[in-house]
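Engineer: Sharing a structure, written as structure tokens. Questions coming.
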Amino acid sequence: MLDFSTVIFYMIMFLSAYIQVFFLVTFLENRKKIIRRKGSVELISYPSTTVIVPCWNEESTIDRTVSSLLDLDYPKDKLTIFIVDDGSTDNTWNVLQKYTEHFNIKIFHKENDGGKYAAVNYGLARATSEFIGCLDADSFVDKYALKRIMTYFAKDESVMAVAPAIIVDSPKNILQNAQRAEYDFGVFLKKMLGFMGAIHVLPGPFSIFRKKVFDELGPYRHAHNTEDAEIALRMQEHHYKIEHCPDAYVYTVTPNTVKKLYKQRLRWIYGFLKNATDYKHLIFNKRYGAIGIFTIPAGLLSILTVVYLFVSMVYDLGSNIFHKFVQIQTVGLNLSVQVPSFDWFFISTKSIMFITVIFYVLLILSMMISKKIIEGKARLSFDVVYFAFLSSILAPFWLTVAVYNTIVSKSVSWR
Amino acid sequence: MNNNNQTDWKKYVIVLFITVGLFLLAGYLSNYFNNKKMDQLRSIQDKISVDLLSSETQFSLLQEQSCKDINNTILSQELSSLADKIAYSENNIGSSDDVIALKKYYSLLEIKDYLLMQKISERCGMKSVFVLYFYSSKDKCDNCVKQGYVLDALRKKYPDFRVYSFDYHLDLSAVKTLISIYKVPSDLPALVINKQVYSGLKSIEDIEKVLPALQNIGKDSKNSKTD
């Protein structure tokens, strides 16, 4: 007879494998539609676009962000840049003064009274262009990103927003390398969700919207400090089409310490859970398609899986330590070093073992496809090892705390 | 507007079938490798059976031979390794009929080896350095786990020390007879040393005290190393 924890483990692994297979089948269905362009593309027309850059104490990164926007391969008279200083207390405002001479840059200063969403809304209220985007002040765009994104709008009138491919900028330590593998994998997942019409986040770095989205659905909301997830869910609720452009590269600076990463992820996961609660009417409701039947349940399941596996791992570790303690208590500490002999007999051949192996094979396959989408060549980077560490050892902490915070409704701060 | 909101149920079903297929594949692979392990156990037991028969034959010839020609260390190690593998199979493959049958066969081999060792000890005047150990796999027995640690430690300390372990609740008439001969109580763990039954957890020192011959084999093995 299987015990209760084994049954739960089988169920979780089955559903997790189901999700992985779903992504891979979606890839096989649509692989020919994934294009990776080199260099510039030409459009029949270049619609007017405003990019809003909210910033708060970004004196060290804002120059690079604005420079990348100025370098965009897009007609300058069609591109307006709004820089909204959200009440910075450092030298950001003074740094921004040098851009006053640029005809297509407008600088605004507002009091810091609401967080990032309020700063973006400040810009939104003043934008008149056909398309509107946002770029976080810790991110930089690739020269061709905007044109490539615009091809999706040009090709399909029903496309209301396009998300870019976010790549980690110059990772310098293990933590950032782990995040690079994670972000790369995210490009694959986001593209597949795009094919399914089930994208649930339009990230702050350079998601581009038709202005009518905000005109019809209203501006960003506070949304538990994850306004980028809420706007995507609101759009899905109203059946607005969201696409993903995997060759519109946006480079972002990721947290370089565990503390910063913990804070960021706590906000993301808490925001996801709270927004999922706010939009619970979408879940398993066939009217809303894959966003409710697949994306949100899959996200909830992945949180549950990581927390469950971590608790199991801690329990097993505790159990082993206890047995070792009993052994030492019974026969004393044996300090003699014995060379362990290898015998394949003692390698587990339980079904659970093979299921776990199959799951990881599917995962690795997906990560290789991610590299293929981004770099044009399927390969397995060593970052995957760091990513495994990040997702199995560190992630359970913020996931568990985020679940707890959601249950007790303890909100998390933006900064 | 988004046309993708029409749910493609066919795809959900196809993915379900693929996932079920992958799980069936995992089950098949598990079964295949478990059977390989069972085959390996059977082959080890067959080899031990032949070795045991050889020892018995060798013993019958003893009347005309010297006692020192009896080789009794190899079998002990093989039995110990087999015990580890059967215990592992019981915990990881489950108490399937195959595992139980192998466990019964193993217990019979142990009894045969034990009887042979008893005869050798008596005829050659060797002091016995073996114990019968009864444990429970049916009920939760924390002291059985601890007794296992003690016996393992003794085996490491005295490589020639022989432990014949028996599952008290194994449905095998030979084991039941052994229990009845030595009047082994159900209060486990229990040890039989020099035909004397000791119930409850016994420490390394307790066993060394009631089995002084252990000290000799300890010295012998040290001497043979320095030789």
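Engineer: Report, by residue number, each residue of segment A:211-234 that is within 14 Å of another protein chain (Cβ to nearest Cβ) and either crowded, with 22+ Cβ neighbours inside 10 Å or touching a His at 6+ places or on another chain (Cβ under 7 Å) (or both).
Structural biologist: Listed by number, the residues that qualify are A:Leu217, A:Ala232, A:Leu233.
Engineer: Could you count how many residues in segment B:117-136 are within 14 Å of the chain's Cα centre (by Cα) and either of a type in the set (A, V, I, L, M) or surrounded by fewer than 16 Cβ atoms within 10 Å (Cβ to Cβ) (or both)?
Structural biologist: Residues in segment B:117-136 being within 14 Å of the chain's Cα centre (by Cα) and either of a type in the set (A, V, I, L, M) or surrounded by fewer than 16 Cβ atoms within 10 Å (Cβ to Cβ) (or both): 2 in total.
Engineer: Then there's this: Could we say that B:Val175 is touching a residue at least 40 places away in the same chain (Cβ under 8 Å) and within 14 Å of chain A (Cβ to nearest Cβ) here? Let's see the steps before the verdict.
Structural biologist: Working: touching a residue at least 40 places away in the same chain (Cβ under 8 Å): yes; within 14 Å of chain A (Cβ to nearest Cβ): no.
Taking the combined requirement at face value, the residue does not satisfy it.
Engineer: Going by the structure shown, is A:Tyr288 without any contact (Cβ under 8 Å) to a residue 60 or more places away in the chain, crowded, with 20+ Cβ neighbours inside 10 Å and within 14 Å of chain B (Cβ to nearest Cβ)?
Structural biologist: Spelling it out, A:Tyr288 is indeed without any contact (Cβ under 8 Å) to a residue 60 or more places away in the chain, crowded, with 20+ Cβ neighbours inside 10 Å and within 14 Å of chain B (Cβ to nearest Cβ).
Engineer: Among the numbered criteria (1) within 14 Å of chain B (Cβ to nearest Cβ); (2) more than 30 Å from A:Glu230 (Cα to Cα); (3) in a helix (DSSP H, G or I); (4) in contact with a Phe, Trp or Tyr (Cβ under 8 Å, 6 or more places away or on another chain), which one does A:Thr349 miss?
Structural biologist: Failed condition: (3).
Engineer: Could you pull out the residue among A:Phe14, A:Phe82 that is closer than 30 Å to B:Glu90 by Cα and of a type outside the set (S, T, N, Q)?
Structural biologist: A:Phe14
Engineer: Please go through segment A:190-208 and give me each residue that is surrounded by fewer than 24 Cβ atoms within 10 Å (Cβ to Cβ) and aromatic (Phe, Trp, Tyr), ordered by number.
Structural biologist: Residue satisfying the conditions is A:Phe195 alone.
Engineer: Out of the residues in segment A:47-62 that are at pLDDT 95 or above and farther than 16 Å from A:Val141 by Cβ, which is surrounded by the fewest Cβ atoms within 10 Å (Cβ to Cβ)?
Structural biologist: In this case the residue turns out to be A:Pro47.
Engineer: Sort out which residues of segment A:365-384 are in a helix (DSSP H, G or I) and surrounded by 14 or more Cβ atoms within 10 Å (Cβ to Cβ), and write them in order of number.
Structural biologist: Start the filter on segment A:365-384 by keeping residues that are in a helix (DSSP H, G or I), which leaves A:365-375, A:383-384.
Once the filter is applied, which keeps residues that are in a helix (DSSP H, G or I) and surrounded by 14 or more Cβ atoms within 10 Å (Cβ to Cβ), segment A:365-384 yields A:Leu365, A:Ser366, A:Met367, A:Met368, A:Ile369, A:Ser370, A:Lys371, A:Lys372, A:Ile373, A:Ile374, A:Asp383, A:Val384.
Engineer: If you go through segment A:142-198, how many residues are in contact with a Gly (Cβ under 6 Å, 6 or more places away or on another chain) and assigned to a helix (DSSP H, G or I)?
Structural biologist: Residues in segment A:142-198 being in contact with a Gly (Cβ under 6 Å, 6 or more places away or on another chain) and assigned to a helix (DSSP H, G or I): 0 in total.
Engineer: Which numbered condition trips up A:Glu101, out of (1) buried (at least 20 other Cβ atoms within 10 Å of the Cβ); (2) over 21 Å from the mean Cα position of the chain (by Cα); (3) under 22 Å from A:Lys76 (Cα atoms)?
Structural biologist: It is condition (1) that A:Glu101 fails.
Engineer: While we're looking at this one, here's another question. A:Leu266 - would you say it is crowded, with 18+ Cβ neighbours inside 10 Å and either under 30 Å from A:Ile174 (Cα atoms) or within 14 Å of chain B (Cβ to nearest Cβ) (or both)? So that I can check it myself, show each step before the final result.
Structural biologist: Values: crowded, with 18+ Cβ neighbours inside 10 Å: yes; either under 30 Å from A:Ile174 (Cα atoms) or within 14 Å of chain B (Cβ to nearest Cβ) (or both): yes.
Here the answer is yes, as A:Leu266 does meet what is asked.
Engineer: So which residues in segment A:104-118 are under 20 Å from A:Asp63 (Cβ atoms) and either modelled with pLDDT of 95 or more or not in a helix (DSSP H, G or I) (or both)?
Structural biologist: Step one: list which residues in segment A:104-118 are under 20 Å from A:Asp63 (Cβ atoms), which gives A:104-109, A:116.
Across segment A:104-118, the qualifying residues are A:Asn104, A:Ile105, A:Lys106, A:Ile107, A:Phe108, A:His109.
Engineer: Right, A:Tyr249: surrounded by 15 or more Cβ atoms within 10 Å (Cβ to Cβ), under 30 Å from A:Lys143 (Cβ atoms) and not polar (S, T, N, Q) or not?
Structural biologist: yes
Engineer: Right, something else. Got at least one residue in segment A:317-328 being of a type in the set (D, E, K, R) and either away from every other protein chain (no Cβ under 12 Å) or surrounded by 20 or more Cβ atoms within 10 Å (Cβ to Cβ) (or both)?
Structural biologist: No.
Engineer: I need the full set of residues from segment B:80-136 which are touching a helix residue (DSSP H, G or I) at 6+ places or on another chain (Cβ under 6 Å), aliphatic (A, V, I, L, M) and within 14 Å of another protein chain (Cβ to nearest Cβ), in order please.
Structural biologist: B:Leu82, B:Ile86, B:Ile93, B:Val99, B:Leu102
Engineer: So which of A:Gly204, A:Gly292 is more than 28 Å from A:Tyr144 (Cβ to Cβ) and either modelled with pLDDT of 95 or more or touching a helix residue (DSSP H, G or I) at 6+ places or on another chain (Cβ under 7 Å) (or both)?
Structural biologist: None of the others qualify; the one that does is A:Gly292.
Engineer: Also: Conditions: (1) in a helix (DSSP H, G or I); (2) touching a residue at least 40 places away in the same chain (Cβ under 8 Å). A:Met11 meets all but one. Number of the miss?
Structural biologist: (2)
Engineer: Now for a different question. Just to be sure I understand, how many residues within segment A:166-186 are more than 15 Å from A:Phe387 (Cα to Cα) and either touching a Lys or Arg at 6+ places or on another chain (Cβ under 6 Å) or of a type in the set (Val, Ile, Thr) (or both)?
Structural biologist: Of the residues in segment A:166-186, the ones more than 15 Å from A:Phe387 (Cα to Cα) are A:166, A:169-170.
Then drop every residue that is not either touching a Lys or Arg at 6+ places or on another chain (Cβ under 6 Å) or of a type in the set (Val, Ile, Thr) (or both), which leaves A:166.
Of the residues in that region, 1 qualify.
The values are calculated or read from the model by the stated rules, or taken from the named source; none is laboratory data. Note that the structure is predicted; figures quoted are calculated from it, not measured. In this analysis, Cβ positions are derived from the backbone assuming ideal geometry, glycine residues included, and neighbour counts consider all displayed protein chains.
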